[in-house]
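*Asks:* Below is the structure I would like to discuss, written out as structure tokens.
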Amino acid sequence: MRLYTIEYDGQECVAVAQGKDQNLILLDSLGICVKDMNELITRFTELEHKIKKSLEEYAAKSLSTDEYRVLAPIPVPMQDVICLGVNYNEHIKETAPLADFTDKTDAVYFSKRVNRSNDPGGRIPVYAHVDSLDYEVELGVVLKEDAFGISVSEADKYILGYTIINDVSARNIQLKHKQWYRGKSLDGYTPMGPCIVTADEIGDAHNLAIECYVNDEKRQNSNTSYMITTVEEAISELSQGMTLKAGTIIATGTPGGVAMGMKTPKFLKNGDVVRCCIENIGELENKVGE
């Protein structure tokens, strides 16, 4: 299934589609009422079978594309997004002159404040104090159950599904403070979407093409098979001594090709269009500026 948050008839609603090219159906029209995506996530284990059965049995009216606007699947995350840093070797190499992680032996974790996720089609703000705006396409993971002290082999049972995250970054702020939290947490710096694809539909999460384009120029081109720390390894490690609540979002790192890593950096500027693509999920496009 593909789970969406949409703006419909002036309200934020949860909708579902059975496959990649299927029309959206309001969850309410299937007789399943949740106030938002966060409630669906925390009740997903309880509701999954009912949703699937309802899609098969009920002739619910699907929506035409002119009736709604797609929003970020999780507009207001319940907690900060957990991020893996430098989780692809090419990204380690390209950023080594500025932050050398070539000898790292363990995963690097940090968090990203998200007051509200940026929608597909939303604008990435331009701030006067940011002079080096960068993009990072990442596979996002959403948990459906609380996880604590779990093994790597158990981790997949806690995954609801996957989405696309653009980990927009203000590099000058990131380097100024010598840590990443503030430079990645400005309002509008977490485009997410277009949907959550449930784990059973995604296929192998560690064999997905992952790309980013700026004004149709391909900047990042890799595969999730090149992750250093896998999704399951990250979930297991993070859960040792720390409860990962249902609804936890983990951004799994970006491959090489970011602007900061270029010999002559090509940072984002007003009017640029950033398009992040991950196989079996779709595309997430945002324009820079007002």
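The values are calculated or read from the model by the stated rules, or taken from the named source; none is laboratory data. What you are looking at is a predicted structure, and each value in this text was computed from that prediction instead of being measured. Note that each Cβ is placed from the backbone with ideal geometry, even for glycine, and that neighbours are counted across all protein chains shown. Just so you know, the surface numbers come from the protein's heavy atoms only, side chains and all, with ligands and any DNA or RNA stripped out. Shrake-Rupley method; radii C 1.70, N 1.55, O 1.52, S 1.80 Å.
*Asks:* Can you tell me which residue in segment 189-219 is farthest from Leu284 (Cα to Cα), limited to those that are of a type in the set (S, T, N, Q) and either free of Cβ contacts under 8 Å to residues at least 40 places away in the same chain or crowded, with 19+ Cβ neighbours inside 10 Å (or both)?
*Replies:* Asn207
*Asks:* Return the pair list, or none, for Cβ contacts closer than 7 Å from residues in segment 223-244 that are over 16 Å from Ser111 (Cβ atoms) to residues that are charged (D, E, K, R), at least 6 apart or on different chains.
*Replies:* Glu232/Asp156
*Asks:* Residues that are touching a Lys or Arg at 6+ places or on another chain (Cβ under 7 Å) and under 16 Å from Pro194 (Cα atoms): find the strands (runs of 3 or more DSSP E) completely inside segment 9-102 holding 1 or more of those.
*Replies:* In segment 9-102, 11-17 are the strands (runs of 3 or more DSSP E) which contain 1 or more residues that are touching a Lys or Arg at 6+ places or on another chain (Cβ under 7 Å) and under 16 Å from Pro194 (Cα atoms).
*Asks:* Just one of Ser153, Ser185 is open to solvent by less than 30 Å² (accessible area, probe 1.4 Å), over 16 Å from Lys287 (Cα atoms) and of a type outside the set (Phe, Trp, Tyr); which is it?
*Replies:* Of the residues listed, the single one that is open to solvent by less than 30 Å² (accessible area, probe 1.4 Å), over 16 Å from Lys287 (Cα atoms) and of a type outside the set (Phe, Trp, Tyr) is Ser185.
*Asks:* Still on this structure: Evaluate the following for Glu138: is it under 24 Å from Gly289 (Cβ atoms), surrounded by 15 or more Cβ atoms within 10 Å (Cβ to Cβ), out of contact with any Phe, Trp or Tyr (no Cβ under 9 Å at 6 or more places or on another chain) and not basic (Lys, Arg)?
*Replies:* yes
*Asks:* Would you point out the residue of segment 220-229, among those that are in contact with a Phe, Trp or Tyr (Cβ under 8 Å, 6 or more places away or on another chain) and open to solvent by 40 Å² or more (accessible area, probe 1.4 Å), that is farthest from Glu145 (Cα to Cα)?
*Replies:* The qualifying residue farthest from Glu145 (Cα to Cα) is Tyr226.
*Asks:* Right, something else. For segment 103-129, how many residues are within 16 Å of the chain's Cα centre (by Cα) and not in a strand (DSSP E or B)?
*Replies:* Of the residues in that region, 9 qualify.
*Asks:* Also, I was wondering about something else. Return the only residue of Ser29, Ser117, Ser111, Ser64 being touching a residue at least 60 places away in the same chain (Cβ under 8 Å), small (Gly, Ala, Ser), open to solvent by 10 Å² or more (accessible area, probe 1.4 Å) and over 24 Å from Ser225 (Cβ atoms).
*Replies:* The conditions single out Ser111.
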